[in-house]
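K.L.:
This structure is in structure tokens; I'll ask about it shortly.
Rule-based calculations on the coordinates, nothing more; no lab input. Predicted, not measured: the structure shown is a model, and the values here were computed from it. Using ideal geometry, Cβ is built from the backbone for each residue, glycine included, and neighbour counts are taken over all protein chains shown.
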Amino acid sequence: MSANHSLQKLLDELGRLPGIGPKSAQRIAYYLLEADAEEARRLAEAILEVKQEVHFCSRCFNYATADECSICQDPMRDTTRICVVGEPRDVQAIERTGSYHGLYHVLGGVISPMDKIGPEQLHIRELLARLGHEDIHEVIIATNPNIEGETTASYPGPYYQAAGRRGIASGERPARGRRPEYADELTLGRAIEARRTI
Ligand SMILES: [Zn+2]
């Protein structure tokens, strides 16, 4: 394989990454060419490791390196609360606020007819199953406040109530409608705290 061919292969792969245009791909490729072999090896290993080690938590679909994620395994968490989010990165955003100590449920996206994503493509069935067998007193919907997020938030509403009728959340209504804004961590933290005053 010629040097040009090798370089082009790297440029092609880098160019596929989100937010990396042709110029950035070139800058990174030349940087790696000049970096020592050890540095390049560490990067390659980190990429392989994250692909091999990180998968989805069997309970909440957050990122995990074991069967359950570190939050689900943490005995200090309040297991009577579930915060429903779209993506694992939303879990990280809420965790950074330090304002929430319950569990999560990651839907794996939001309802978006344009992208052919309906409720059956998301982990809504698994959420309802959790409401059926875990002792949940409060469901906090924290999908983004855009059209897709709102649609996703309102979709399982009747199901939460059905879950309530099966004996979950007796006496306490799930705190819906208090969706944190994703402006910044402070706003998000305040939104999470505000929902406690309902
Ligand atoms: Zn989990």
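K.L.:
Only four residue types carry charge here, +1 at the Cβ of Lys and Arg and -1 at the Cβ of Asp and Glu. Report the dipole size of the stretch 1-145 about the Cα centre in Debye, rounded to the nearest 20.
P.N.:
460 debye
K.L.:
Tell me the chymotrypsin sites (Phe, Trp or Tyr not before Pro) within the stretch 62-127 that lie in a loop according to DSSP and have at most 16 other beta-carbon atoms within 10 Å.
P.N.:
On the way: sites: Tyr63, Tyr100, Tyr104; in loops: Tyr100.
Counting only loop positions with at most 16 other Cβ atoms within 10 Å, none of the chymotrypsin sites (Phe, Trp or Tyr not before Pro) in the stretch 62-127 qualifies.
K.L.:
If each of Gln26 and Thr80 carries a label point 7 Å out from its Cα toward its Cβ, how far apart are those two points in nm?
P.N.:
6.1 nm
K.L.:
State, in angstrom, two size descriptors of the stretch 39-98 derived from its alpha carbons: Rg to one decimal place and Dmax to the nearest whole number.
P.N.:
In Å, with Rg to one decimal and Dmax whole: 13.8, 45.
K.L.:
So, one more: Do any trypsin sites (Lys or Arg not before Pro) in the stretch 114-153 lie in a loop, going by DSSP, with at most 13 other beta-carbon atoms within 10 Å of their beta carbon, and if so which?
P.N.:
Counting only loop positions with at most 13 other Cβ atoms within 10 Å, the trypsin sites (Lys or Arg not before Pro) in the stretch 114-153 are Lys116.
K.L.:
Straight-line reach from Lys23: which aspartates and glutamates fall under 18 Å, measuring Cα to Cα and dropping same-chain residues less than 8 apart?
P.N.:
Asp12, Glu13, Glu34
K.L.:
Assuming 0.36 nm per residue, please report the length gained on full extension of the stretch Asp115 to Ala3 beyond their Cα-Cα distance.
P.N.:
Working: separation 112, 0.36 × 112 = 40.32 nm, distance 4.00 nm.
Gain on extension, Asp115 to Ala3, equals 36.3 nm.
K.L.:
Something else now. Any idea what % of Cα-Cα pairs in the stretch 1-40 are farther than 11 Å? Provide the component values of the computation, followed by the final result.
P.N.:
Working: 484 of 780 pairs.
Here the long-distance tail beyond 11 Å is 62 percent of all Cα pairs in the stretch 1-40.
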